[in-house]
1. Report the far tail of the P(r) of segment C:114-266, meaning the percent of Cα-Cα pairs longer than 27 Å.
2. Over the whole of B:64-70, what's the average partner chain Cβ count within 10 Å per residue? Rounded to a whole number, please.
3. In nanometres, what is the gap between the two model label sites at C:ASP137 and A:VAL228, each 7 Å from Cα along Cα-to-Cβ?
4. Inside 10 Å of the C-beta atoms of C:50-61, what's the mean count of C-beta atoms belonging to other chains?
5. Taking the Cα centre of segment C:153-267 as the origin and placing charges on Cβ (Lys, Arg +1; Asp, Glu -1), which of C:VAL207, C:PRO264, C:ALA247 is farthest toward the positive end of the dipole?
6. Please report the spacing between the Cα centers of segment A:156-185 and segment B:63-136 in Å, no decimals.
7. May I ask you to evaluate 6.51 cos²θ - 1.76 cosθ + 1.60, the Karplus curve with θ = phi - 60°, for each residue of segment A:254-269 and list the ³J(HN,Hα) values in order in whole Hz, giving x for glycine and proline?
8. Which of B:LYS7/B:LYS51; B:LYS7/B:LYS130; B:LYS139/B:LYS204; B:LYS51/B:LYS140 have a Cα-Cα distance over 26 Å?
Amino acid sequence: MLAVTSLVLMIRLVPGDPATVLLGPRATEAAKAALRAQMGLDQPFPIQVVGFLWNVLHGDLGMDVISRRPIADIVMAQLPYTLTLIGVAMAGAALIGIPLGCYSALRRNSWVDNVIGVLAVSAIAMPSFVIAIYFVLIFSIQLNLLPAIGSGAPGNILEQVRHLILPALAIGLNWVGYLARFVRSSMIEVLGERHIRSARAHGLRESRVLFSYALPLAILPTITVIGVGIGSLLSAAVLTEIVFARPGIGKLMFDSITQRNYPVVMAVVLVTTILFIACTTLADVINGLVDPRVRQTS
Amino acid sequence: MTGNAFKGLNVRGLSVDYQTASGKVHALRNVDLDVPAGAVVGIVGESGCGKSSLISSIIGQAPDNAQISGRIDFNHQSLLELPPDRMRDLMGQRISVVFQDPMTSLNPIRSIGRQMIDIQYRTGRGRAEKREYAIEMLKKVGVSDPADRMNQYAFQLSGGMRQRVSIAMALMARPDLLIADEPTTALDTTLEVQIIRLLKELQKEIGCSILLVSHHLGMIAELCDYVVVLYAGEVAEAGTVRDIFHHSLHPYTRRLLECDPGLIEKVTRRLPTIAGEIPNLLQISPGCIFAPRCDCAQQACLARRPPLLQLGPGRRVACHRAAELDAA
Amino acid sequence: MAAVVSWRFETSRVGISGTLGRIPAALRLVTRSRLGAFGLMIVVAFILIGIFGAWLAPHDPNAINVRARLAPPSWTNLLGTDQLGRDILSRVLVGTRVSLLVALSSILLAAALGILMGLASGYGPRWLDRILIAIFDTVRSFPTLMFGIAVIALFGPSIWTVIAIIVTTTFPIYARIVRTQTMAIKNTEFILAERSIGASPVRIAFVHVLPNIVGQLFILASMDVPVVIMIESGLSFLGLGIRPPNASWGTILNDGYAFVRNSPWPVIAGGVPLILTTIGFTFLGETLRDLLDPKLRNER
């Protein structure tokens, strides 16, 4: 909540006159005045803020001055692309990273563990947009295997998937590394705990001990980590959408900036913040459902 | 009943070393121990005496840097040479363990019921039967509302209740040997009394042997038939509970008895302690391991290792001066 | 009186000179691990090139030579030329300096701000702490780039805006550990005693709090550099950071990407130093962290 309000307030405090920014320095005074009235900028500041928040709660993010469509529609049209990208990227990262982390934990200090460790750290370190560019270079241009631009014709699932592979991989790579390391250390910690010793002393099969007793405990914290991680994925998504010329709110934001269409920029930031808060809250909720210890206290 | 076959646990010459960055820690040295069928044997000692090494070696959960030598025979079968899957067959069926701290011994996010049903996976019972059996067991150990408890989690139970659940889980398979590692240390004294009583009843009913590790001498006195006193990785003295408590020969045992608050008769403000600390197990001195802290130590004690004097069946003492001190 | 004298000479574990004295030993330990040595090597190279790069550049990084545009590597242009015929190697070298400058200033400022906030939070009244923590958590979990882009949209692109963005989004990590350490020793005996003789919070901060966490601050900084470089080059790539024609790894990548189908070299030249530097700092940070983390983990 704090984040939303502060961001909104900050954006409203734009230096200079938005009307001039939008219409350009050559606009007539009358046109600027009209725009200001239309945007509600001629009213006292507190009323502006309240008005804006009120509108937001009603799903009204204002009208786009340039295309004359409700901004909310514009943003919502682009949102699904970004969501798909982030969703697939994170899901892929989890599907690859978590098993790698477990395997590392079980073969602790073996050469496999060390190799995975180095790869994981490297994967975390590499900036995703550079990875994206290199993917394009290697897979699209040199090898001509996968498409570099756009998201594929709507309705054609196969095409859409082909267009998703490289971008999702580019963003997801960081997280494969991060999750692998995180799960590894979480698993090692859990395996050292007393109740695992107990479980073994009861003669339970090792597979049981690992998968039903240790793994669930080790993975619990990853839920929160992933929820928060969505935030960083959003940033990476912006750059990746631009590299791959994919539709999405990242590209929308960037295009709006170049066009100096700042209400749209503001709307995108707002939506992003809400999305981010929703994800972290969702992560908490899932945690509450899955972890009996949390369930009880709530 | 455990039936006909169980021939006891026999430990001979067990030595456990740990390879660490600072050198080799000689945690256990040449330990002999017998747990006959149906008997309760207590291991007494301060922390650091090697109790945990002993137990982890028996149950096959010694850490990776442990080097174990000697023999551990269960039912005349060597445990140390057993492959892991055979060991797993024994654990939870013929050998069970109750650990010290029930909070950390039960899986925090799995319900009690699931855990109790899980460990019955080899019994061939149907699912409903397993549940019934678990509830029966909970009833037997005195857990109230057993059916409800099955759906609860460890953190929802009190400490005493958790330990009862642990005992229930350990005895569900009617093992030949129950190893109890400080089962009441994490509980307060009123609970301790109840747990002692519980163990006594169950032992009588099931007829299993118990290897009980504790530093609560009162508990040892109440439950055990035989006692082994461990000091810094060696057996200081062993015998029947009567021998140890009423005719102890080793100076360490005597000091232990003197210092135990439960056995002190006079009301006093100052509790006696044994001066000094447990020796460094990286470098074992050539003499008696207890000599530095012993108030009747002599030259011979510091120079040579005392032999383990066999004073009768099951009666052993490792002290140069045992005979003369006994006469005194 | 004797009690007062004795604690004066204990500066809660490690004093400033103690910290400085540990550095050679630390370096030796770092180089023992292959990853650490590699990381250290890259970090040192980065710093050296950053400082001296501009002099080492064979050509003027902004000199346009349209006839030789998009040329592959040759003896005159070791990394080839970009779409305006500028020598890429020179641009990369100068870009290193930009990255170094941005990284250094942002981290120093962020650390300074973080230390201040952390001290205020740990030392000051409860309500202040609560407010500051709320701020730390909010800021820290923000999608940085999105925020950065929005800010630049408002205030216009410039290197200082970029630095400001980075500082505001990264200071919480420093603030957190300073706060933890401050709170940990706030109520210990030496501090209470020091305060009773009127030692100022500043002295307490410098003599007691900071020396103990210098190691952790270094690790944080080392792990932070890749993030900082990423933000700066990401923004420059979008044209929102360093403005062309200035060379920065991000702008080189941007130019290169526009012409990636014509020649892969600009993109390779711009991206490889980025990747190497981020990996290098990360390896170094990881090695340092493993060293500082009590060796419990490795023993068992």
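1. Values: 4688 of 11628 pairs.
Of all Cα-Cα pairs in segment C:114-266, 40 percent lie more than 27 Å apart.
2. Values: counts 3, 2, 0, 0, 0, 0, 0.
Partner Cβ neighbours, averaged per residue: 1.
3. 1.0
4. Values: counts 0, 0, 0, 0, 0, 0, 0, 0, 0, 0, 0, 0.
Partner Cβ neighbours, averaged per residue: 0.
5. Most positive-ward Cα: C:VAL207.
6. Result: 41 Å between the Cα centres.
7. 5, 4, 5, 5, 5, 8, 6, 8, 6, x, 5, 4, 4, 4, 4, 4
8. Working: B:LYS7/B:LYS51 23 Å; B:LYS7/B:LYS130 29 Å; B:LYS139/B:LYS204 17 Å; B:LYS51/B:LYS140 29 Å.
Among B:LYS7/B:LYS51; B:LYS7/B:LYS130; B:LYS139/B:LYS204; B:LYS51/B:LYS140, the Cα-Cα distance tops 26 Å for B:LYS7/B:LYS130; B:LYS51/B:LYS140.
We did not get these values from a lab; they are worked out from the coordinates using the rules stated. Since the structure is predicted, the reported quantities are computational estimates derived from the model, not experimental observations. Positions of Cβ are backbone-derived with ideal geometry, glycine not excepted, and every protein chain shown enters the neighbour counts.
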